[in-house]
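Each remark here refers to the structure printed beneath this line.
Please treat every number below as a calculation from the coordinates, not as lab data. Here the structure is a predicted model, which means the values were calculated and not measured.
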């Protein structure tokens, strides 16, 4: 299951990049403020592998919150499995998930 979570998470980053670059032609609507934030964060990415970047800074990036929320949502929808959310962003992921699905975790 961990591989599937990673696939969903990383595929969301591809989606984000396609939205930023204008290559996305699908039906999901992303507001311009989110696109600007994603673009800024992609340009100044806080990688979890950088020793001088605390994990909190990595996790609190909007592109990561969005990707984690997407992976969580996909695992629930396709496998009825709840993923473990990092405590530091669980509330943000929950809010994003509820807004997109209209339900509770």
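How large are Rg and Dmax for the chain when calculated on the C-alpha trace, in angstrom?
13.6, 39
Report, in deg cm²/dmol and to the nearest 500, the calculated mean residue ellipticity at 222 nm for the chain, where each DSSP H run with n ≥ 4 adds -39500 (n - 2.57) and the sum is divided by the residue count.
So the helix-based figure for the chain works out to -20500 deg cm²/dmol.
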